[in-house]
Amino acid sequence: MSSQLKAELGLSFSEYITSKRIQKAKELLADESLSVESIAEQTGYNDYFYFIKVFKKNTGISPSKYRKNL
């Protein structure tokens, strides 16, 4: 499955999962009643600080700045 994913999308399995998690986090950030920590947990990140690091690596900005720009 991993090799097929790599061939079709050009992403490893872990990169694909990360992109889906970040995509969901972006959707959840539109709801200002949810904390960033809560969004991290809902997208599968138990470590809030790691979530921020991964989000920033993939989008170029922190989750808080992303939310402000919505």
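The values are calculated or read from the model by the stated rules, or taken from the named source; none is laboratory data. Remember, it's a predicted structure, so these values are computed and weren't measured experimentally. Backbone-built Cβ (ideal geometry, glycine too); neighbour counts: all protein chains shown. When the accessible area is computed, the model is the full protein with side chains, heavy atoms only, and any ligands, DNA or RNA have been set aside. Shrake-Rupley method; radii C 1.70, N 1.55, O 1.52, S 1.80 Å.
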Qualifying residues in region 1-30 (those that are basic (Lys, Arg) and open to solvent by less than 90 Å² (accessible area, probe 1.4 Å)) - the one nearest to Lys65 (Cα to Cα): Lys26
Subset of region 38-60 (residues that are open to solvent by 50 Å² or more (accessible area, probe 1.4 Å) and under 16 Å from Gln23 (Cβ atoms)): Gln42, Lys56, Lys57, Asn58, Gly60
Pairs where the first residue, in region 1-15, is part of a helix (DSSP H, G or I) and the second is open to solvent by less than 100 Å² (accessible area, probe 1.4 Å) and of a type in the set (Gly, Ala, Ser), C-beta under 8 Å, 6+ apart: Ser2/Ser12; Leu5/Ser12; Lys6/Ser12; Phe13/Ser2
Hits in region 4-47 - residues which are touching a Phe, Trp or Tyr at 6+ places or on another chain (Cβ under 9 Å) and β-branched (Val, Ile, Thr): Ile22, Val36, Ile39, Thr43
Test set (1) part of a helix (DSSP H, G or I); (2) polar (S, T, N, Q); (3) open to solvent by 50 Å² or more (accessible area, probe 1.4 Å) - Ser33 fails condition number: (1)
Residue in region 37-56 that is at positive phi and touching a residue at least 12 places away in the same chain (Cβ under 8 Å) present: yes
